1. Taking amide H atoms as placed 1.01 Å from N in the peptide plane, list the residues 5 or more away in sequence, or in a different chain, whose amide H sits under 5 Å from that of Val419.
2. In which sequence would Ser373, Ser280, Ser380, Ser298 go, from the one with the fewest C-beta neighbours within 10 Å to the one with the most?
3. Post the alpha-carbon centroid distance, segment 31-59 to segment 292-309, in whole angstrom.
4. If you add up the charges near Phe255, with Lys and Arg at +1 and Asp and Glu at -1, over every other residue whose beta carbon is less than 11 angstrom from its beta carbon, what do you get?
5. To the nearest 0.05, what FRET efficiency results for Thr216 and Asp410 with a Förster distance of 60 Å applied to their C-beta separation?
6. How much length would be gained if the chain were fully extended between Gln278 and Thr336, taking 0.36 nm per residue of separation minus their Cα-Cα distance, in nm to one decimal?
7. If each residue of separation counts as 0.36 nm, what is the full-extension length gain between Arg305 and Lys165 once their alpha-carbon separation is subtracted?
8. Summing +1 for each Lys or Arg and -1 for each Asp or Glu, what net charge is found among the other residues whose Cβ lies under 11 Å from the Cβ of Ser373?
Amino acid sequence: MACSETATAPYHCCVPCSTNDSRYDKERRLSFHKFPVDSRRRKQWIFKIRRDLGPKFRISDATRVSSEHFHPSEIRKTLTGKRMLSTTAVPSLFDWTKSTPTRRPPRKSLMRATCSEEPMDINDSGVSPSILQGESQPLVPMISKDHDYTVEPSSPNSKLEAAQKEIDVLQCQVEGLKAEKFGVQRFSLDAKLINFYTGFTNYKTFVSIFTALQPTATTMVRWTQMQRHSSNIDKIKTTPFKDDCMSLSLIDQFFMFMCRVRQGFPEQDLAVRFNISQASVSRILITWANYLYAMFGSLCIWPSRRIVDQNMPACFKCTYPNTRVILDCTEIKVQTPSSKVLNSETYSNYKSHTTFKSLIGITPFGSVSFVSSLYTGCISDKDITARSGIIDLIEENDQVMVDKGFLIQDLLDTKHATVVIPPFLGHKGKFSQEEVGKTHEIARLRIHVERAIRRIKEYHIFDGVIPLNLASSINQIWTVCTILTNFRGPLF
């Protein structure tokens, strides 16, 4: 049987004068081979490497001969790259065979030698004449390069220095890999890239929001937990959050979700960027969509009348000082369903496509104060206003600024509030000068809700047609992205 290489543990070549060690062979230039099982070939190996079995040399499972001592023709590689010896391979390349042939070095640790550096005269019998004449020669210890396997090959200090150098090299490699890893830490010093990937103005804002979320994020319910333990809610709440990929921290999971909604990266692309499976990406995104929907949904974004009055811009104070909210609807395209009933419900004549529709409300000073759930695209502006629940938030004497599609004065009458709406032409033929001025004034003020909606649409996940497999979580994503626009600074 051919002897194969073994490199799972540090090995040293047992050939005298050899310094080959697998610990220092980083490029795997050498291979280290066991002694053959066959007793005849084993004796040949022992004879060739000039060894004697004894207390300082015993053949065990760790005894190896490096590939440097075999002829290249005796070594072959398998398809997996493993190096094997031929069945007749015998070590034959040594230090004493690379130069002119000399006598085999004596096996004893002491030899007789002259103190002078001049070589001794050797007669035809191979014996020094001085020895034949009985001249005494001093005993000088032979300096051998052979390994003594009973002692450490090197001092502890040298080992420590070598280990420290290797640790320094590995630390540099780790720092380099951290710098190349796609994560929020990589872009912490670049506000433009943070804004590009997350929509936040800078890294400090991103970290501040994550810090506020972190206490509950560590124990939030995963999507897989909800699927497996939906029948036992108490068990879910006591199970700590632990993602499938332990290498991805919570802050990078939050960063991944923001990359998904801000730039609309596909899940497969995120799997490559963060070096995890696409299934893990999908589960993380669903988990964070539901978690952020619950956390941001608990925020009170509807300001009181006093706060609205304190922050009322001058352009509203001189025209419509009682304005409480500016309303408008917007739509996002969704994949056409195969069901004819769903197709007719989601089809929008305005977009000529199947859509989801939402009602957005902003304060006079520009912050988003209301966002409804997503409804099917066929719903009218009046119906969505009635169903969304915003009428319950309106107080007496409030003014609601809307576009012409919102015929909601009858809904506001119960609250003793009024609607600010551009005048209709009707059968008059043309507007009066006062009506034209009112139309321009309302349009000038109402344009800010269009700017707020544009901010929401800058989350590029809404650029294309929303696939139906995302329909289960698109309402959560829409709400989260709408509320996140309030963290981007003032609208004007």
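1. Answer set, sorted by chain and number: Val400.
2. Working: Ser373 16, Ser280 19, Ser380 13, Ser298 7.
Going from sparsest to densest Cβ surroundings: Ser298, Ser380, Ser373, Ser280.
3. Cα centres, segment 31-59 to segment 292-309: 82 Å.
4. Working: positive: Arg186, Arg260, Arg262, Arg273; negative: Asp252.
Net charge around Phe255: +3.
5. Working: r = 42 Å, r/R0 = 0.70.
According to the calculation, E is roughly 0.90.
6. Numbers: separation 58, 0.36 × 58 = 20.88 nm, distance 2.50 nm.
Residue separation times 0.36 nm, minus the Cα-Cα distance, leaves 18.4 nm.
7. Contour length minus the Cα-Cα distance gives 43.6 nm.
8. Values: positive: Lys357, Arg387; negative: none.
Charge balance in the 11 Å sphere: +2.
Values in this text are rule-based calculations from the coordinates and carry no lab data. It should be emphasised that the depicted structure is a prediction, and the values quoted were computed from it without experimental measurement. When we count neighbours, we look across all protein chains shown, and the Cβ atoms used for this are built from the backbone with ideal geometry, even at glycine.
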